[in-house]
Amino acid sequence: MSISETMFARACEVMPGGVNSPVRAYRAVGVAPRFIRSAKGAYITDVDDVEYIDYVGSWGPMILGHAHPQVLSAVAECMWDGLSFGAPTGRETQLAELVVSMVPDIDMVRMVNSGTEAVMSAVRVARGATGKDKIIKFAGCYHGHSDSMLVKAGSGALTQGRPDSAGVPASIAQHTLTATYNDLASVEQLLCANKGEVAAVIVEPVAANMGVVAPEAGFLQGLRALCDQYEALLIFDEVITGFRLARGGAQEYFGVRADLVTFGKIIGGGMPVGAFAGPRKLMEQVAPTGPVYQAGTLSGNPVAMAAGLAQLTMLNEQPEIYAQIERNAAWLAQQLRELENEYHVGCTVNQIGSLLSVFFTDRPVTNYTGAKSSDTQKYAAYFRAMLEHNVYLAPAQFEAMFVSAAHTQQDLQATVDAARAVMAQMSGQTA
């Protein structure tokens, strides 16, 4: 038995499923999770001393690679002054000023502790500012585990939401309506049927929690127009795309203005940080200046602010990083497509910016229905085989691969070589 397996058995005795976040349990891929000891650059090393090329990157924030020296230096310098004060610090203001300077169309930022908290708070602001209760989200888009967001798609575009988790009251879930990603007509139907009741439409500008699904041409622009027409706010959930697609996130990348924006781990260099932001008129609705209450003892934690400042400063001063990682992700995606053309294992590869996904379906994936057509058992086999070739992917079909600035051409080529061997094996051929 490996050290990871032994540690997992021990963890299962004291934590639900042996983990503190469900996907880490590896249940979707049928093996015991690897317990990680350390990470550096594009690599992670498990407790059995096996090193992997990492495409999870702590689920996105490690855009510069793991343990970047400048980020670690900033954290080390800060921590000697104390870990938490529950009081204002200058770093909070510095990071907020930097975020405002980088992201279009925002004036103010409120720091929180996670992407879930950021979304929960932004939705509360939208409801408080508009005086309306209903929210439109999209099937397959994940916005954290707050009650309002844990809702399945109904059987039709006009079906009201129902709870997607035990413990979520139907009375809360009924205020969440579900539309189809990349389908403006489904959104307009909901807005029309619930005229005057919808506070906001919330969307991942690039869906990255059903695998990676890019917005079709005109989709985000169409959402902006519909929200203006029906007097609803548009919320961009940029927990994944913020500061990863571009310095200014999806608003810059696609040229579309959102009313509120939420950010996650990347804003803190991988530390537990989130934020929501918007124009002054909306953000001044938040306590203590306005009636929308939100608070957090650890919000703006000085060590997390130091890490975020170091990472975002580098991204702001070196915009060429974005071109580099997008170019590398596009190359990797194209190589994987060529392998599919050669071995015919039945996969579709989506890529935008530094995000990509390999879906084990032979149909285009443009929404949740397309993503759900994937053969999850085939993905599990692919995952296990790639892991044996020392390539660490997300342990679930419906997640993204993240390319970082630390991935070299040698790393990318090694990944392609591993995928070639795996796809050849899956197809019954010899690589």
* **Trp331-Leu298 FRET efficiency (beta carbon distance; Förster radius 41 Å; 0.05 resolution)** => 0.55
* Please give the contour-minus-distance gain from Glu320 to Glu51: 0.36 nm per residue of separation, less the Cα-Cα distance, rounded to one decimal in nm. => 94.0 nm
* To do: Kindly write out, for segment 39-52 in residue order, the coupling ³J(HN,Hα) from the Karplus curve 6.51 cos²θ - 1.76 cosθ + 1.60 (θ = phi - 60°), rounded to whole Hz, with x marking Gly and Pro.
  => 8, 7, x, 8, 10, 10, 10, 8, 6, 8, 6, 9, 9, 10
* **P(r), alpha carbons of segment 327-391 - 5 Å bins starting at zero, rounded %** => 4, 17, 24, 28, 21, 5, 0
* Structure fact -> In whole µm²/s, the translational diffusion coefficient that Stokes-Einstein assigns to segment 239-394, given a Kirkwood hydrodynamic radius over C-alpha pairs, 20 °C and 1.002 mPa s, equals 116
* Asked: Who wins for biggest fluctuation among Thr93, Thr176, Thr361 in a Gaussian network model of the chain, springs between alpha carbons below 10 Å?
  -> Thr93
* Anything over 23 Å Cα to Cα? Flag those among Lys265/Lys378; Lys134/Lys281; Lys134/Lys265; Lys40/Lys378, in the order listed. => Lys265/Lys378; Lys134/Lys265; Lys40/Lys378
* Structure fact -> Length-normalised contact order of the chain, Cα under 8 Å, at least 6 apart, in percent, tallies to 21
* Share of antiparallel DSSP beta bridges in the chain, in percent to the nearest 5? -> 60
* Asked: Using only helices, what value at 222 nm comes out for the chain when you add -39,500 (n - 2.57) per DSSP H run of length 4 or more and divide by the total residues, to the nearest 500 deg cm²/dmol?
  -> -11500 deg cm²/dmol
* To do: Please state, to two decimals, what the Cα-based radius of gyration of segment 309-422 comes to when divided by 2.2 N^0.38 Å (N = residues).
  => 1.11
* Sticking with the crude label model, points 7 Å out along Cα→Cβ, report the distance from Lys40 to Gln229 in nm, one decimal please. => 5.7
* Asked: Listed highest first by mean packing, meaning other Cβ atoms within 10 Å per residue, what order do 114-121, 167-174, 217-224 come in?
  -> 114-121, 217-224, 167-174
* **Which of Thr369, Thr241 is most accessible, then next, and so on - probe 1.4 Å** => Thr369, Thr241
* Asked: If you bin every alpha carbon distance in segment 64-215 into 5 Å steps from zero, what whole percent lands in each bin?
  -> 1, 8, 13, 17, 18, 13, 10, 9, 7, 3, 1, 0
* Can you list the equivalent-ellipsoid semi-axes of the chain, largest first and in whole Å, using the square root of 5 times each Cα gyration tensor eigenvalue? -> 33, 27, 21
* **Long-range tail of P(r) for segment 212-320 (Cα pairs > 23 Å, %)** => 37
* What is the spread of the Cα atoms of segment 1-143 along each of their three principal axes, largest first, in whole Å? -> 56, 42, 28
* Asked: Can you give the direction-averaged projected area of the convex hull of the alpha-carbon atoms in segment 191-247, in nm²?
  -> 4.5
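The values are calculated or read from the model by the stated rules, or taken from the named source; none is laboratory data. From a predicted model like this one, the values you see are computed outputs, not experimental measurements. Methodologically, a virtual Cβ is constructed for each residue, glycine included, from the backbone with ideal geometry; neighbour enumeration extends over all protein chains shown. In case anyone asks, the SASA skips ligands and DNA or RNA and just uses the protein heavy atoms, side chains included. Shrake-Rupley method; radii C 1.70, N 1.55, O 1.52, S 1.80 Å.
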